[in-house]
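Chemist: For reference, the structure I am asking about is given below.
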Amino acid sequence: MSTDHATDAEDSPTKAADGKFGDYGGQYVPEALMPAIQELTDAYERYVVNNEDGFMDEFRQRLADFGGRPTPLQRADRLSERYDCDVYLKREDLLHGGAHKLNNALGQVLLAKYMGKDRIIAETGAGQHGTATAMAAAHLDMPCTIYMGERDINRQRPNVFRMKLNGSDVKPVTAGRGTLKEAISETMRDWAASVETTHYVIGSIVGPHPFPVMVRDFHAVISEEMRTQVREQTGGLPDSVVACAGGGSNTMGAFAHFVDDEDVNLVAVEAGGSSLAVDEEKGVAPNSASLSTGDEGVLHGARTKLLQDSFGQIMESHSISSGLDYAGVGPELAHLVDEDRVTPVAIDDDAALEGFHRLSNTEGIIPALETAHAFGYLEEHAEELSGTVVVNVSGRGDKDLQAAIEETEARDIPNAPDMSMFSEGI
Amino acid sequence: MADSGQAAETRRSDGAAANSEIAAAFDDGPAFIPYLAVGDPSYEASKAYVEALARGGADVIELGLPFSEPIAEGPTIQGAIVRALEGGMTPELFFEFVEDVDVDVPLVCMTYYNLIYQYSPPGSDERGPEQFVARAAEAGISGLVVPDLPAEEADPLRAACDEHGLDLVFIVAPTTEGERLQSMMERVSGYVYVQARLGTTGAKSDVSDQTDRSLQRLSEWNVPKAVGFGISSGEQAERIVASGADGIIVGSALVDIVADGVDSEWSTAETADKLEAKARELAEGATRGQTEPAPSDE
């Protein structure tokens, strides 16, 4: 195990000790939450940044023993041949739970224990963060309540079962369209009432400071390993790192240790949904591409890029993948896009499904629909790729089989197998 | 706090005067401050409802400008906000409403920061707090409450409010103490919104003893203290004023009546009558709670 982790946060290029990334970030929360946010900021600096009481050592040991870190970096031979470059896969899908989400969930639940909190709450979209939090809470013996939009509960049954099996209480959120945005609002309401005893394990690099930097630091282990592994295997740094981006946690995890390497292209692949156009009348953006198309605003505690109408009302976003279906994005990513350090690219639902099938039938890895957007990018932008391209396989697709089959059936996806035998459902 | 005496001398650390209309509302006995979401369930109906609150004895009225993600609100006011947005309420219509509504008490706008941050007057490309506050002042708004804007992020809005003579009301939570309380009390004007208990807005049958502790913490400052979150009856209003509050803020208990009216298909006049009766119960309760009778013209 590496021993230089106490300096990780200091090495981070956009450290944001004051919670600001340029003009983004900040702490826009109800007054009742401010003392908890300040307490958390203090705990973050002591335990995460300065490794007080060996917090980071315990975190890393548990990530290894319970989580199975480090995850492999694997050369994808068939994709490399197809795109005429060297494609490497960072296998976060092999982390316990099947997605990168455990890095953050385990870190925060452990931090809550160090802080003396006795209850965990979390929101979840696709259910990946919820299942990771439920696993971490069971592992560390903490009672846990997960808020999940009703629509997402219906889209992601298996994850709901997993959370329940791990002993968490799952509360459906019926407000709005019943997706991630509403689940975050509802979890903040719970926290406003329970803040003295409860820690809110936010699932992405969003929300008020210190969440964006803290969640990034827990996920930065991805790019830390990636950097060492790609050097070992290729003798140098990658030419590009590609990751899907919703809120942006796997994205910043994959980018964090490369931000200073100006020669490494960082590509954030957003959900283009069915269209990048916006229906102001209905208040709907049929995509989740806040980096590509959003405007600056304030949502869920931070100033960032948002999908909003001209009055500042937050739009209903859309994506085929519930984990990307969010109207905002982490303030650090918004800042890095403004600085031209990160390139945002939108990949629509159809191309994401094409990416889903490409990875499944050429490499034997079924990706999450979120992750599939990164492979849709490879498929659509192959001519722009060269040298070593590392793709963060942020999660596996078991949770998405039903949705992937239904969505594939409903469209004309050129590389999809004939699924008609499953038309009755699985 | 040992060093708070100086702050207690003035309402604001820089000595700027609070909006005189709001200050006057507290001069004449305890202030009853009702809240409704503007546009719930329609522009015309909510105009009748706000006018009914004034007839029922409101001293200040908080008008909610609905935002799609109201993270500080419980289910009752969330419901009102959804109805108002579905009814087509926008910031511009809100200001028209303020100009249009026939009441002679000060009006305070309660909204979330993104709507202020994004506000752009018709025909202008300029956005932000300055534009919002200028338009609010022009329409006749006397003060602002922004639940997701802590004192630390409030300087641009505070400056715009000073420029246009508006009060900026902060919410003091049961968890607010020490330096935070101090810095907030130095920035607040008009009145302090004392949050009676942790959590979101919503009517409760009990009145939290956190209220007494909060009022005690605030007793050194002479800014009027208005208690809100959970007050639903005249008896509660009486008890809270007796504990030392200078005013009471009531939202959910009134919004419940609007929601019942929508569900039961009452006429606008019928709902307005019930609102007026509830307002009167609360205003009278607050008056009963006053230990030293204030001089009154009534």
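Chemist: Return only the number of the condition from (1) away from chain A (no Cβ under 14 Å); (2) open to solvent by 10 Å² or more (accessible area, probe 1.4 Å); (3) closer than 16 Å to B:VAL250 by Cβ that B:VAL60 does not satisfy.
Modeler: Condition not satisfied by B:VAL60: (2).
Chemist: Oh, and also: Tell me, yes or no, whether segment B:244-253 has at least one residue that is open to solvent by less than 50 Å² (accessible area, probe 1.4 Å), modelled with pLDDT of 90 or more and more than 17 Å from the chain's Cα centre (by Cα).
Modeler: Yes: one or more hits.
Chemist: How many residues are assigned to a strand (DSSP E or B) and within 14 Å of chain B (Cβ to nearest Cβ) if we restrict to segment A:252-303?
Modeler: The total comes to 8.
Chemist: Same structure again: Output the residues belonging to segment A:38-54 that are buried (at least 22 other Cβ atoms within 10 Å of the Cβ) and within 14 Å of chain B (Cβ to nearest Cβ).
Modeler: If the condition is that a residue be buried (at least 22 other Cβ atoms within 10 Å of the Cβ) and within 14 Å of chain B (Cβ to nearest Cβ), then A:LEU40 is the only one that fits.
Chemist: When segment A:165-180 is examined, which residues are found to be touching a strand residue (DSSP E or B) at 6+ places or on another chain (Cβ under 6 Å) and over 18 Å from A:PRO286 (Cα atoms)?
Modeler: Residues satisfying the conditions are A:SER168, A:ASP169, A:VAL170, A:LYS171, A:VAL173.
Chemist: Hey, another quick one. Let me confirm something: among B:LEU107, B:LEU85, B:LEU115, which residue is more than 10 Å from every other protein chain (Cβ to nearest Cβ) and in contact (Cβ under 8 Å) with a residue 40 or more places away in the chain?
Modeler: Answer to the check: B:LEU107.
Chemist: Within segment A:149-171, how many residues turn out to be under 10 Å from A:GLU123 (Cα atoms) and at pLDDT below 95?
Modeler: Residues that pass the stated criteria total 1.
Chemist: With the requirement that a residue be small (Gly, Ala, Ser) and closer than 18 Å to A:PRO158 by Cα, what does segment A:90-121 give you?
Modeler: Across segment A:90-121, the qualifying residues are A:GLY97, A:GLY98, A:ALA99.
Chemist: Within the group A:SER223, A:SER275, which residue is among the hydroxyl-bearing types (Ser, Thr, Tyr), touching a residue at least 12 places away in the same chain (Cβ under 8 Å) and either open to solvent by less than 10 Å² (accessible area, probe 1.4 Å) or assigned by TED's automatic domain parsing to the domain that holds A:GLN61 (or both)?
Modeler: Only one candidate passes the filter, namely A:SER223.
Chemist: Condition first: within 22 Å of A:LEU266 (Cβ to Cβ) and either more than 21 Å from the chain's Cα centre (by Cα) or open to solvent by 10 Å² or more (accessible area, probe 1.4 Å) (or both). Now tell me which residues in segment A:359-392 satisfy that.
Modeler: A:GLU370, A:TYR377, A:GLU379, A:GLU380, A:HIS381, A:ALA382, A:GLU383, A:GLU384, A:LEU385, A:SER386, A:GLY387, A:THR388, listed by residue number.
Chemist: Can you find a residue that is farther than 19 Å from A:LEU369 by Cα, among the hydrophobic types (A, V, I, L, M, F, W, C) and not assigned by TED's automatic domain parsing to the domain that holds A:MET315 anywhere in segment A:87-106?
Modeler: yes
Chemist: Here's another thing I want to ask about it. Which of the residues that make up segment A:398-415 are crowded, with 17+ Cβ neighbours inside 10 Å and in contact with a Lys or Arg (Cβ under 8 Å, 6 or more places away or on another chain)?
Modeler: Correct list: A:ALA403 only.
Chemist: Something else about it: Looking only at segment A:197-212, count how many residues are touching a helix residue (DSSP H, G or I) at 6+ places or on another chain (Cβ under 7 Å) and either among the polar types (S, T, N, Q) or in a helix (DSSP H, G or I) (or both).
Modeler: Counting residues in segment A:197-212 that are touching a helix residue (DSSP H, G or I) at 6+ places or on another chain (Cβ under 7 Å) and either among the polar types (S, T, N, Q) or in a helix (DSSP H, G or I) (or both) gives 3.
Chemist: Now for a separate question. Return the only residue of B:ALA283, B:ALA226, B:ALA277 being open to solvent by less than 10 Å² (accessible area, probe 1.4 Å), among the hydrophobic types (A, V, I, L, M, F, W, C) and in contact (Cβ under 8 Å) with a residue 60 or more places away in the chain.
Modeler: B:ALA226
Chemist: Return the residues of segment A:231-251 that are part of a helix (DSSP H, G or I), touching a strand residue (DSSP E or B) at 6+ places or on another chain (Cβ under 6 Å) and either open to solvent by less than 10 Å² (accessible area, probe 1.4 Å) or closer than 21 Å to A:HIS373 by Cα (or both); say none if nothing qualifies.
Modeler: Within segment A:231-251, A:ASN250, A:THR251 qualify.
Chemist: Given the conditions (1) touching a Cys at 6+ places or on another chain (Cβ under 6 Å); (2) away from chain A (no Cβ under 11 Å), which single one is not true for B:ASP102?
Modeler: Checking B:ASP102 against (1) touching a Cys at 6+ places or on another chain (Cβ under 6 Å); (2) away from chain A (no Cβ under 11 Å), the one that fails is (1).
Chemist: Considering only segment B:236-270, state which residues are among the small types (Gly, Ala, Ser) and over 25 Å from B:GLN290 (Cβ atoms).
Modeler: B:ALA259, B:GLY261, B:SER264, B:SER267, B:ALA269
Chemist: Consider A:GLU81 carefully, then state whether it is out of contact with any Asp or Glu (no Cβ under 7 Å at 6 or more places or on another chain), assigned to a helix (DSSP H, G or I), among the charged types (D, E, K, R) and free of Cβ contacts under 8 Å to residues at least 24 places away in the same chain.
Modeler: Yes, satisfied.
Chemist: Could you tell me whether B:GLY79 is at pLDDT below 95, within 10 Å of chain A (Cβ to nearest Cβ) and either out of contact with any Leu (no Cβ under 6 Å at 6 or more places or on another chain) or open to solvent by 30 Å² or more (accessible area, probe 1.4 Å) (or both)?
Modeler: yes
Chemist: Please name all residue pairs, on different chains or six or more residues apart, with Cβ atoms under 6 Å, provided the first residue is in segment A:327-355 and is in contact (Cβ under 8 Å) with a residue 12 or more places away in the chain and the second residue is open to solvent by less than 30 Å² (accessible area, probe 1.4 Å) and basic (Lys, Arg).
Modeler: Note: pairs meeting the criteria are A:ALA327/A:LYS181; A:VAL329/A:LYS305; A:ALA334/A:LYS305.
Chemist: Looking at (1) open to solvent by 10 Å² or more (accessible area, probe 1.4 Å); (2) closer than 30 Å to A:GLY22 by Cβ, can you tell me which one A:GLY395 breaks?
Modeler: Only one criterion is unmet by A:GLY395, namely (1).
Chemist: Among the numbered criteria (1) surrounded by fewer than 19 Cβ atoms within 10 Å (Cβ to Cβ); (2) under 18 Å from A:GLY323 (Cα atoms), which single criterion is violated by A:ALA105?
Modeler: Looking at each condition in turn, A:ALA105 falls short on (1).
Chemist: What are the residues in segment B:113-138 that are over 21 Å from B:VAL82 (Cα atoms) and under 17 Å from the mean Cα position of the chain (by Cα), if any?
Modeler: If the condition is that a residue be over 21 Å from B:VAL82 (Cα atoms) and under 17 Å from the mean Cα position of the chain (by Cα), then B:VAL133, B:ALA136, B:ALA137 are the ones that fit.
The values are calculated or read from the model by the stated rules, or taken from the named source; none is laboratory data. Please read these numbers as outputs of a predicted model, since none were measured by experiment. So basically every Cβ, Gly included, is an ideal-geometry build from the backbone, and we count neighbours across all protein chains shown. For the accessible areas, the whole protein counts, side chains as well, though only heavy atoms, and no ligand, DNA or RNA atoms are used. Shrake-Rupley method; radii C 1.70, N 1.55, O 1.52, S 1.80 Å.
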